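S.K.: After the structure tokens below, expect a handful of questions from me.
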Amino acid sequence: MTEPVTRPDAPSVEERRVAPGEWVAAVRAARDEGYGFFDWLSAVDETDAPASDAHTATGDTDGAAQAATGDTDGAPGPGLEVVCHLMDVRHLGGGGLRRLLLRTRVPEGTSLGSVTGVFAGAGWHEREVHEMFGLPVEGFDDGTGMGLRPLLLPDGFEGTPLRKSFQLAARASKPWPGAKEPGEGGGATAKRAPSRRRLLPPGVPDPSWGPRGD
């Protein structure tokens, strides 16, 4: 098995887990710290993740919130894992690139605040997350006034294709309406392909040259 290759000068990635209600504030705070380059924002469907037994069994909502922020050893629980990657590029010349992954777990049926007010470039990313995962994004504003409109899928598409619950349509196998080759298909009514004229090698006389003089 091939070992992964790691560049010795590759910057490490700091990870922070925050509660969904603190998402926008956490992104803004990271920008103010120097992580002013927005790279990407995406999501992963973790709706089938096991719930944290320590908190769900007792109905301890405060404990569940602590698990969501990473303050305890409990798992975040089921939901959509939203991740935002930011970078601090102020000291690129001196090898001081810093990278940050902000994570939050959004429970099923709840929304997440938009960070378009912090990074305008997040608009396309939030539209994709909404379109592909069905995540409601509150306060979305990309300056167009058109809201969370489709980004990649065609008009009229139903469903969220990157959710694990999305059912793929069965592929129907249909016969090819026409023959692949002339005359193919058989049957009494099938027309035979016209025979190709036999070609002679270059320089060999054929009837179009006229009568031969021998």
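The values are calculated or read from the model by the stated rules, or taken from the named source; none is laboratory data. Treat the numbers as computed from the prediction; the structure is a model and nothing was measured. So basically every Cβ, Gly included, is an ideal-geometry build from the backbone, and we count neighbours across all protein chains shown.
S.K.: Taking segment 137-153, which residues are surrounded by 15 or more Cβ atoms within 10 Å (Cβ to Cβ) and over 15 Å from residue 120 (Cα atoms)?
M.R.: Listed by number, the list holds a single entry, 151.
S.K.: Just to be sure I understand, how many residues within segment 1-40 are over 22 Å from residue 92 (Cβ atoms), at pLDDT 95 or above and either part of a strand (DSSP E or B) or of a type in the set (D, E, K, R) (or both)?
M.R.: So the answer is 4.
S.K.: Please verify whether segment 127-138 includes one or more residues that are touching a residue at least 60 places away in the same chain (Cβ under 8 Å) and within 21 Å of residue 36 (Cα to Cα).
M.R.: no
S.K.: Would you confirm, using the coordinates I've provided, whether residue 93 is small (Gly, Ala, Ser) and more than 18 Å from residue 39 (Cβ to Cβ)?
M.R.: yes
S.K.: Of everything in segment 101-132, what is of a type in the set (Lys, Arg) and either under 22 Å from residue 157 (Cα atoms) or in contact with a helix residue (DSSP H, G or I) (Cβ under 6 Å, 6 or more places away or on another chain) (or both)? Give them in sequence order.
M.R.: Answer for segment 101-132, where residues must be of a type in the set (Lys, Arg) and either under 22 Å from residue 157 (Cα atoms) or in contact with a helix residue (DSSP H, G or I) (Cβ under 6 Å, 6 or more places away or on another chain) (or both): 105, 127.
S.K.: Does residue 116 qualify as being among the hydroxyl-bearing types (Ser, Thr, Tyr), touching a Phe, Trp or Tyr at 6+ places or on another chain (Cβ under 9 Å) and not in a loop (DSSP other than H, G, I, E, B)?
M.R.: Judged against the criteria, residue 116 is not a match.
S.K.: Something else about it: Only one of these is polar (S, T, N, Q) and in contact (Cβ under 8 Å) with a residue 24 or more places away in the chain: 104, 144. Name it.
M.R.: Among 104, 144, only 104 is polar (S, T, N, Q) and in contact (Cβ under 8 Å) with a residue 24 or more places away in the chain.
S.K.: Restricting attention to segment 69-88, does a residue exist that is at pLDDT below 90 and either touching a Phe, Trp or Tyr at 6+ places or on another chain (Cβ under 7 Å) or not in a loop (DSSP other than H, G, I, E, B) (or both)?
M.R.: Within segment 69-88, one or more residues are at pLDDT below 90 and either touching a Phe, Trp or Tyr at 6+ places or on another chain (Cβ under 7 Å) or not in a loop (DSSP other than H, G, I, E, B) (or both).
S.K.: Also, I was wondering about something else. Answer yes if at least one residue in segment 106-129 is out of contact with any Cys (no Cβ under 7 Å at 6 or more places or on another chain), of a type in the set (A, V, I, L, M) and more than 20 Å from residue 85 (Cα to Cα), and no otherwise.
M.R.: No, every residue in segment 106-129 fails to be out of contact with any Cys (no Cβ under 7 Å at 6 or more places or on another chain), of a type in the set (A, V, I, L, M) and more than 20 Å from residue 85 (Cα to Cα).
S.K.: Tell me which residues, restricted to segment 89-107, are modelled with pLDDT of 95 or more, surrounded by fewer than 21 Cβ atoms within 10 Å (Cβ to Cβ) and of a type in the set (D, E, K, R).
M.R.: Those that are modelled with pLDDT of 95 or more, surrounded by fewer than 21 Cβ atoms within 10 Å (Cβ to Cβ) and of a type in the set (D, E, K, R): 99, 103.
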